[in-house]
Amino acid sequence: DLNRMFERVIQDEFYKQTYNAQVILKPGMQYKNKGKDRDAPWVVVVDDFLTEQECETLIQLGTERGYERSMDVGATKFDGTFDSHVSDGRTSSNTWCLDACYENEMTKSVIGKIENLTGIPDTHSEYLQLLNYEEGQYYRTHHDYILFHLEREQGVRIVTVFLYLNSVPEGGGTNLPLLNVTV
C-alpha cells in the first residue's frame with residue numbers, strides 16, 4: 001500500500017541514508033483547499049536521486065528520440081484507439097522512452113532505482129515520459145486518470161515520480177496549487 005511505501009522510504013535506515021527523503025506533505029498534515037481544511041497526500045522530495053551522468057544520458061536519449069508538442073488524450077476513434085489533441089494546458093514537448101532509449105543500460109539503472117524506491121516493479125509502470133521545456137512553457141495542473149488505462153497491463157497510474165534532469169537559474173519546479181506547495 002502507498003502509506004507503507006512512503007513510510008519505508010522515510011523511516012528505514014537504508015533509504016534514509018541512501019535517499020535522504022524530505023517530507024513536504026503527508027497524511028495527517030492539514031492544508032487548505034477552497035477554504036476547507038483537507039488531509040494532505042504524500043509529497044516527498046529526494047535530492048540527488050540520479051547521478052549527473054544518468055541525467056545527461058536521459059536528456060541525450062530524449063533528444064535522439066525527438067520531442068513533439070505535448071498532447072492530451074482525445075476522443076475514441078472508430079478502431080477503439082484514442083485520438084490526441086493540442087491543449088492550452090500544456091505547452092511543453094515530450095517523448096516516451098521506448099526502444100533504444102528503454103534498452104539503454106543507463107535507463108535500466110534509472111528504472112532500477114525507481115523500482116527500489118517505490119517497490120513497484122517496472123512491469124507495473126509506464127515507460128519514462130521525457131519532457132522538454134523552453135522558457136515560458138508549462139504543463140498545468142491536470143488529472144492523470146484515463147479510463148482506458150484500466151485495460152492496460154500496468155493499470156492506471158497510482159503514483160508519479162518526477163525526475164528533474166537539470167537545474168534552471170530561476171523559475172521551474174512543480175506547483176501543486178491545491179496544496180499551496182511548490183517543489
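The values are calculated or read from the model by the stated rules, or taken from the named source; none is laboratory data. Remember, it's a predicted structure, so these values are computed and weren't measured experimentally. So basically every Cβ, Gly included, is an ideal-geometry build from the backbone, and we count neighbours across all protein chains shown. Surface accessibility is based on the protein's heavy atoms, side chains included, excluding ligands, DNA and RNA. Shrake-Rupley method; radii C 1.70, N 1.55, O 1.52, S 1.80 Å.
Just the number, please: percent antiparallel of the DSSP beta bridges in the stretch 8-91, rounded to the nearest 5.
Antiparallel: roughly 90 percent of the beta bridges in the stretch 8-91.
Using a/c under 1.5 as the rounded threshold, could you call the stretch 1-86 rounded, prolate or oblate? The axes a ≥ b ≥ c are square roots of the C-alpha gyration tensor eigenvalues, and prolate needs a/b larger than b/c, oblate otherwise.
On the way: a/c = 2.54, a/b = 1.29, b/c = 1.96.
Oblate, since a/c reaches 1.5 and b/c is not below a/b.
Rounded, prolate or oblate: which fits the stretch 33-78 when a ≥ b ≥ c are the square roots of the eigenvalues of the alpha-carbon gyration tensor, with rounded for a/c under 1.5 and prolate only if a/b beats b/c?
Working: a/c = 3.86, a/b = 1.18, b/c = 3.26.
In terms of gyration-tensor shape, oblate.
Between Asn104, Ile10, Asn132, whose Cα lies farthest towards the positive end of the dipole of the stretch 1-147 when Lys and Arg beta carbons carry +1 and Asp and Glu beta carbons carry -1, centred on the Cα centre?
Positive-most Cα among the choices belongs to Ile10.
Testing the spin-label approximation: label points 7 Å from Cα along Cα→Cβ at Val45 and Val23. State their distance in nm.
Taking the simple label geometry, Val45 and Val23 are separated by 1.6 nm.
Return a whole-number percent for the relative contact order of the stretch 1-59, with Cα pairs under 8 Å and 6 or more residues apart as the contact set. Each step should come with its number before you reach the end.
Numbers: 59 pairs, mean separation 16.0, N = 59.
Contact order relative to length: 27 percent.
Any lysines with Cα under 30 Å of the Lys32 Cα? List them, leaving off those in the same chain fewer than 8 positions away.
Within the straight-line limit of under 30 Å, Lys32 reaches these lysines: Lys16.
Per residue, how many Å² of accessible area does the stretch 3-68 show with a 1.4 Å probe? Display every interim value, and only then the final one.
Values: 4400 Å² over 66 residues.
For the stretch 3-68, the per-residue accessible area is 67 Å².
In cubic angstrom, how much convex hull volume per residue do the alpha carbon atoms of the stretch 3-146 span? Present the calculation step by step, with values, prior to reporting the outcome.
Details: hull volume 24.6 nm³, N = 144.
Convex hull volume per residue, Cα atoms: 171 Å³.
So, R0 is 22 Å and r is the distance between the beta-carbons of Tyr138 and Met71; what FRET efficiency does that work out to, to 0.05? The partial results should precede the final answer.
On the way: r = 15 Å, r/R0 = 0.66.
Calculated transfer efficiency: 0.90.
What length, rounded to one decimal in nm, is gained on full extension from Leu2 through to Leu165, with 0.36 nm per residue of separation minus their alpha-carbon distance?
Details: separation 163, 0.36 × 163 = 58.68 nm, distance 2.51 nm.
Fully extending the segment from Leu2 to Leu165 adds 56.2 nm.
Need the list of lysines near Lys34 for cross-linking: C-alpha distance under 27 angstrom, and skip anything on the same chain fewer than eight residues off.
Lys26
Would you mind calculating the gained length between Ser109 and His85 on full extension (0.36 nm times residue separation, minus the Cα-Cα distance), in nm to one decimal? Don't skip to the answer; put the middle values down first.
Details: separation 24, 0.36 × 24 = 8.64 nm, distance 3.32 nm.
Between Ser109 and His85, full extension yields 5.3 nm more.
Please give me, ordered by residue number, the trypsin sites (Lys or Arg not before Pro) of the stretch 66-123 that lie in loop per DSSP and have at most 15 other Cβ atoms within 10 Å.
Numbers: sites: Arg69, Lys77, Arg90, Lys108, Lys113; in loops: Lys77.
Of the trypsin sites (Lys or Arg not before Pro), the ones in loops of the stretch 66-123 whose Cβ has at most 15 other Cβ atoms within 10 Å are Lys77.
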